[in-house]
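Note sheet for the following structure.
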Amino acid sequence: MVQELTSKEFNEFIKKGVVLIDFHAHWCMPCVMMSPIVDEISKKFRGKIKVGKINIDENNELAQKYNVKSIPTFIIFKDGKVADTFIGAVSKEELEKRIKKYL
């Protein structure tokens, strides 16, 4: 299961290594569709990357900080810095391809 983060633990979570963050909301159908894919990615890359989710309704300040205007938005961080951002539902293969660039 992918960790649901709050703004309190966010900075510590993204600080080291490669981290995929899924900015989502429970009412967003594409977000709901992506959830099992994000879970699979988390299992497949366990030990190589960390995966977390941010509920934009509960963590609006983070959504604003990272300019999340549309969801789902995925941000890959490398050592605390934004490495890649992409918006919308994507295939598992596309998500894997984007992550592998940073490993």
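The values are calculated or read from the model by the stated rules, or taken from the named source; none is laboratory data. Computed from a prediction, not measured in an experiment: that's the story for all the values here. We place every Cβ from the backbone using ideal geometry, glycine too, and count neighbours over all the protein chains shown. Note: areas computed on protein heavy atoms with side chains; ligands, DNA, RNA excluded. Shrake-Rupley method; radii C 1.70, N 1.55, O 1.52, S 1.80 Å.
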task: Output the qualifying pairs, or none if there are none: Cβ atoms under 7 angstrom, residues six or more apart or on different chains, first residue in the range 29-43 and in contact (Cβ under 8 Å) with a residue 24 or more places away in the chain and within 14 Å of Ile54 (Cβ to Cβ), second residue surrounded by fewer than 19 Cβ atoms within 10 Å (Cβ to Cβ) and not polar (S, T, N, Q).
output: Cys31/Ala25; Met34/Ala89; Val38/Val2
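Restricting to the range 46-68, and then to whatever is β-branched (Val, Ile, Thr) and in a strand (DSSP E or B), can you tell me which residue is surrounded by the most Cβ atoms within 10 Å (Cβ to Cβ)?
Result: Ile54.
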message: For Phe23, only one of the following conditions fails: (1) buried (at least 16 other Cβ atoms within 10 Å of the Cβ); (2) out of contact with any Cys (no Cβ under 9 Å at 6 or more places or on another chain). What is its number?
response: (2)
message: Can you say whether Ile71 is touching a residue at least 12 places away in the same chain (Cβ under 8 Å), in contact with a helix residue (DSSP H, G or I) (Cβ under 7 Å, 6 or more places away or on another chain), open to solvent by less than 40 Å² (accessible area, probe 1.4 Å) and part of a loop (DSSP other than H, G, I, E, B), as far as the supplied structure shows?
response: yes
query: Here is a list of conditions, (1) part of a loop (DSSP other than H, G, I, E, B); (2) open to solvent by 40 Å² or more (accessible area, probe 1.4 Å), and Thr85 meets all of them except one; can you say which number that is?
result: (1)
- prompt: Does the range 26-40 hold any residues that are open to solvent by 30 Å² or more (accessible area, probe 1.4 Å), part of a helix (DSSP H, G or I) and of a type outside the set (D, E, K, R), and which are they?
  reply: Met29, Pro30, Val32, Met33, Ser35, Pro36, Ile37
